[in-house]
Amino acid sequence: MSRPDTDRLLLPDAEADVRPSPQGLAARRALLAHPVVLLIGIVLASVNMRAALASVSPLVGEISQSFGLSSTASSLVTSVPVLFLGLGALVAPWLARRFGSEPVLLFALLLLAVGIVVRVAPSAVALYGGGVLVGTAIALLNVLMPGLIKRDFPDRAASMTSVYTGAMIAGATLVAASSVPLEKAFGGSWEASLAVWSLLAVLAAVAWLPQVLIARGRTGHEVRAAAPAGSASGADKSVWRSALAWQVTLFMGLQSLWSYVLIAWMPTIFTDHGMSRSTAGVIFAFNNLIQVAGAFGVPLLAGRIRSQRPLIVLVTSLVAAGYAGLMAAPVSGAWLWSGVLGIGQGGAVGLALTLIVLRSGDARTAARLSGMAQTVGYLLAAAGPIAAGAVHEATGGWTVPIALVLGVCAAALTVGLFAARDRTV
């Protein structure tokens, strides 16, 4: 059964607890009078939401050699940003309520550019420290973008969500395919290949600056919205004490875990079996690109049925089949497994985000469930690349790590079947 109106109203909003004053409404109308400027800013910001993560994976071998890192230490290069995706999600709503979404998004883009540059400094400490900045910046973008779209495009929330998710995936695809060729173009410098993407973040920040200037009158003119009776301070507690909320959160975390294992290690799995780095990078980019199909299609189906259990079975089965293929025939079936995984990954993340909306009874609950799912989910996901790297180092192969991820798929299937029931938090 379709619920388009409910879906639109419950799009998670980091500013759900504030409402604009008359001055704020005037500033917002001024901003919306320039929709092209706003759209360009949204697209360029969205392109950066995965780019800094996808750029590392094809080069992780060269990074490890430069610093003499073990497989476990190498996995931290991708796990540290994911960890701070969760921690950053804790502070994003407070920052949005205090300063407004536009200034915080501008800050996030500048922080991202700085983090990318710091990450390529000739120091292992800088490598990980830059990852902290990158993860925090992307967390702010992740949390604030849905609310901004809900606020400024209430009648076109679905189409604008498609625009920003499509731009996000396109950015990851472009970067993944370009990392190794750029390294070669810069004379074998992985540092230059990674650093160049800071320019993309700077470009997005420049595009976002007019929106900050137009909306500057809104900052300081927000007022606290009156909470519904009985829902004020207890709203957060009711979410954290809800079994259904935990089921949604665990599905979010487990599907994020299997995705970040691939982001960290997919090209390495291929190259360890004899594939060239360039080919591995292109196949990794294809995996990112094909996620668009699942990310668009599965949420559309999810909104038209009361129980999303068939979709839970579909996406977890696709991911499990793709991982099993990587175990059985990683090179000869690389394109097939990459495509199957991509559809499953895209469908799973789209379904996880849709479940946050469908399982929420009101907008306040949607905002809090979104924060809970992103915080706990990304903290759980951060363990995936580290565990896979450690097990790979201990066993000398990828069979056992992949087998463990298949266990994650089984757990996601189990908890997802509970999360997909037609009920609300």
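I'd like to know how the chain sits against the 2.2 N^0.38 Å rule of thumb: what's its Cα Rg over that expected value?
On the way: Rg = 20.7 Å, N = 425, 2.2 N^0.38 = 21.9 Å.
Against the compact-globule rule of thumb, the ratio is 0.94.
Please express the shape of the stretch 257-304 as an equivalent ellipsoid: the semi-axes are the square roots of 5 times the eigenvalues of the C-alpha gyration tensor, given largest first in whole angstrom. Calculated on Cα positions only, the semi-axes equal 28, 11, 6 Å. Dividing the radius of gyration of the alpha carbons in the stretch 166-215 by their Kirkwood radius gives 1.13 for Rg/Rh. Of THR271, ALA394, LEU326, which is farthest towards the positive pole of the stretch 269-399's charge dipole, taken about the Cα centre with +1 and -1 on the beta-carbons of Lys, Arg and Asp, Glu respectively? So the residue furthest toward the plus end is LEU326.
Based on Cα contacts under 8 Å between residues 6+ apart, the chain shows a relative contact order of 28 percent. Evaluated at q = 0.12, 0.19, 0.20, 0.22 Å⁻¹, the base-10 log of the normalised Debye intensity for the stretch 39-154, with identical point scatterers placed on the Cα atoms, takes the values -0.44, -0.93, -1.01, -1.16.
Given 4 °C and 1.567 mPa s, how large is the Stokes-Einstein diffusion coefficient of the stretch 365-408 in µm²/s, with Rh as the Kirkwood radius over Cα pairs? The estimated diffusion coefficient comes to 110 µm²/s. Mean residue ellipticity at 222 nm, helices only, the chain: -27000 deg cm²/dmol; runs of at least 4 DSSP H residues each add -39,500 (n - 2.57), and the sum is divided by the number of residues.
Helices of the chain meeting both criteria, an alpha-carbon length of 18 angstrom or more along the long axis and an average Kyte-Doolittle score not below 1.0, with helices taken as full DSSP H segments, are 35-54, 71-99, 101-119, 124-152, 198-214, 243-272, 277-302, 309-328, 334-358, 399-419. A 1.4 Å probe run over the stretch 56-130, with the rest of the protein chains in place, finds 35 Å² accessible per residue. When the residues GLU191, GLU102 are ordered by accessible surface, computed with a 1.4 Å probe over the protein chains alone, the sequence from largest down reads GLU191, GLU102. Over the stretch 247-342, the reciprocal of the mean inverse Cα-Cα separation, the Kirkwood hydrodynamic radius, stands at 14.1 Å.
With a 1.4 Å probe and every protein chain kept in, tell me what percent of the accessible surface of the chain is carbon plus sulfur.
Working: 11060 of 15910 Å².
Result for the chain: 70 percent of the exposed heavy-atom area is carbon or sulfur.
Measuring with a 1.4 angstrom probe and ignoring ligands and nucleic acids, VAL357 comes out at about 20 Å² accessible.
The values are calculated or read from the model by the stated rules, or taken from the named source; none is laboratory data. Quantities reported herein were computed from a predicted structural model and do not represent experimental measurements. Positions of Cβ are generated from backbone atoms using ideal geometry, with glycine treated the same way; all protein chains shown enter the neighbour counts. Accessible surface areas use protein heavy atoms only, side chains included; no ligands, DNA or RNA. Shrake-Rupley method; radii C 1.70, N 1.55, O 1.52, S 1.80 Å.
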